[in-house]
Amino acid sequence: MTHALPSISLVTCSYQQARFLDATIRSVLGQQYPALQYMVVDGGSTDGSRDIIERHADALDWWVSEPDRGQSDALIKGFERATGDVCGWLCSDDLLLPGALARVGAFFRDHPEVQAVYGDSIWIDANGEPIRPKREMGFNRFVFLHDYNYLPQPSTFWRRSLYEAVGGLRADFHVAMDNDLWERFSMHTPIAHMQCYLSCMRFYAEQKTVVPEWRQRGHLEGTLVRKRGSLLARRPMLRPFLGAMARAVRVVQKTAAGGYSSSVPPELLPWLKAHATHET
C-alpha cells in the first residue's frame with residue numbers, strides 16, 4: 001500500500017457571494033493539504049467578490065471572474081482544468097471543516113477500490129451559527145432515487161477517472177446537478193460513506209434552493225434523474241408508494257446510524273464560533 005496522499009482538485013463556484021466568499025476560500029487554504037489544486041470560478045460578480053479573490057490569488061492555482069451560463073457551467077470550467085486524482089467542489093457559501101481534505105485523501109489512499117465517497121455535514125445559518133448536524137446513513141440507491149438526494153454535496157468527493165467515465169456534469173442542469181452526477185456515479189460503482197463531519201452547509205433565505213422558482217426547477221430536474229434511474233419511477237401511480245417505502249427505509253437505517261440523535265462535536269464548536277460572520 002502506498003503512503004502518498006492522492007492529489008485533490010477542488011473547485012469553488014461563486015456569483016455575488018462576497019459576504020461568504022472569503023470564509024469559504026480561507027476554509028480551503030487553511031487545510032494545508034500537501035497536494036491541492038484549488039480553483040475559483042466567479043460569474044462576473046459586481047459585489048466585491050473579485051477583490052476578495054485577488055487577495056488570495058497567490059494561493060490559488062487558477063481563478064477567473066467572467067460571465068457564465070450558471071453554476072454547472074462554472075464548475076465545468078474548473079473541472080476541465082483539474083489534474084488531481086480526486087475531485088470535489090465547494091460552493092461559495094459553504095465551508096470545509098478543519099482536516100477535511102486530509103481525511104478524504106487518507107480514505108482514498110487506504111481504500112484504492114473506492115471511486116466515490118461522502119462524509120457528513122453540519123448545517124449552519126447565514127451567520128455561521130450551527131443549525132444541526134447532518135449525520136447520514138450509508139448509500140442506498142433505492143432511498144436516494146425515491147426519497148431524496150441525502151448526500152451532502154460539499155462532503156462528497158470522487159476520483160477524477162470516475163468523473164470522466166460518466167461524462168462529467170451536465171450544463172443543462174442548474175439545481176440538481178449534484179443529484180444527476182451522484183446517480184450516474186452509482187450506476188458505475190458503489191458510493192462509500194465516511195462517518196465523520198467534513199463540511200458546513202449554509203442555509204439562508206436568499207439561497208437558490210430556497211427561492212420558489214429555483215425549487216421548482218430542482219424538482220423537475222430531480223424527477224428526470226429519478227425516471228432515468230428507476231423504471232418503476234416512470235409509473236405515476238407507483239411514485240407515492242415508492243416514496244413511502246423509501247422514507248421508511250431511510251428512517252430505519254438513519255436511526256441505526258445515529259443520525260437522529262447526533263450533536264455537533266464539542267471540539268468543533270470553537271472553530272465554528274471563530275468562523276461565525278455576524279452581519280451588522
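The values are calculated or read from the model by the stated rules, or taken from the named source; none is laboratory data. Bear in mind that the values here come from a model prediction, so they are computed numbers and not experimental data. Using ideal geometry, Cβ is built from the backbone for each residue, glycine included, and neighbour counts are taken over all protein chains shown.
Could you check ALA256 against (1) surrounded by 15 or more Cβ atoms within 10 Å (Cβ to Cβ); (2) out of contact with any helix residue (DSSP H, G or I) (no Cβ under 6 Å at 6 or more places or on another chain) and say which number it fails?
Result: ALA256 passes all but (1).
Kindly indicate whether any position in segment 156-173 is closer than 18 Å to ALA257 by Cβ and crowded, with 16+ Cβ neighbours inside 10 Å.
Scanning segment 156-173, I find at least one residue that is closer than 18 Å to ALA257 by Cβ and crowded, with 16+ Cβ neighbours inside 10 Å, so the answer is yes.
Where the second residue is of a type in the set (S, T, N, Q) and the first is touching a residue at least 24 places away in the same chain (Cβ under 8 Å) and lies in segment 164-178, which pairs have Cβ atoms under 6 Å and are six or more apart or on separate chains?
LEU169/SER72; ALA171/SER72; PHE173/SER72; MET177/SER72; ASP178/GLN153
Filter segment 229-249 for residues that are of a type in the set (Lys, Arg) and at pLDDT 85 or above and give the result.
ARG247
State whether the residues of segment 197-218 include one that is in a strand (DSSP E or B), surrounded by 14 or more Cβ atoms within 10 Å (Cβ to Cβ) and small (Gly, Ala, Ser).
yes
Residue check: is SER65 under 13 Å from SER14 (Cβ atoms), among the hydroxyl-bearing types (Ser, Thr, Tyr) and within 22 Å of the chain's Cα centre (by Cα)?
yes
Residues ARG109, ARG135: which one is touching a residue at least 60 places away in the same chain (Cβ under 8 Å), more than 15 Å from SER199 (Cβ to Cβ) and of a type in the set (Lys, Arg)?
ARG109
Conditions tested, residue by residue: (1) within 23 Å of TYR163 (Cα to Cα); (2) of a type in the set (A, V, I, L, M, F, W, C).
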{"residue": "ASP58", "(1), (2)": "no, no"}
{"residue": "PRO67", "(1), (2)": "no, no"}
{"residue": "ASP93", "(1), (2)": "no, no"}
{"residue": "PRO98", "(1), (2)": "no, no"}
{"residue": "PRO112", "(1), (2)": "yes, no"}
{"residue": "PHE144", "(1), (2)": "yes, yes"}
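Would you mind listing the helices (runs of 4 or more DSSP H) fully within segment 1-119 where at least 3 residues are buried (at least 16 other Cβ atoms within 10 Å of the Cβ) and assigned by TED's automatic domain parsing to the domain that holds TYR204?
By residue number, 100-110.
Out of GLU221, GLU206, GLU183, which single residue is modelled with pLDDT under 80, at negative phi and either assigned by TED's automatic domain parsing to the domain that holds ASN149 or not aliphatic (A, V, I, L, M) (or both)?
Of GLU221, GLU206, GLU183, the one residue that is modelled with pLDDT under 80, at negative phi and either assigned by TED's automatic domain parsing to the domain that holds ASN149 or not aliphatic (A, V, I, L, M) (or both) is GLU206.
Using the structure shown, decide if GLN195 is under 25 Å from LEU101 (Cβ atoms) and either at pLDDT 85 or above or more than 18 Å from the chain's Cα centre (by Cα) (or both).
Taking the combined requirement at face value, the residue satisfies it.
If you check every pair at least six apart or on different chains, which have Cβ atoms under 9 Å apart with a residue in segment 113-131 that is at positive phi first and a residue that is part of a strand (DSSP E or B) and among the basic types (Lys, Arg) second?
GLY128/ARG202
Looking at segment 221-277 only, could you name the residues that are outside any helix (DSSP H, G or I) and hydroxyl-bearing (Ser, Thr, Tyr)?
SER230, TYR260, SER261, SER262, SER263, THR277
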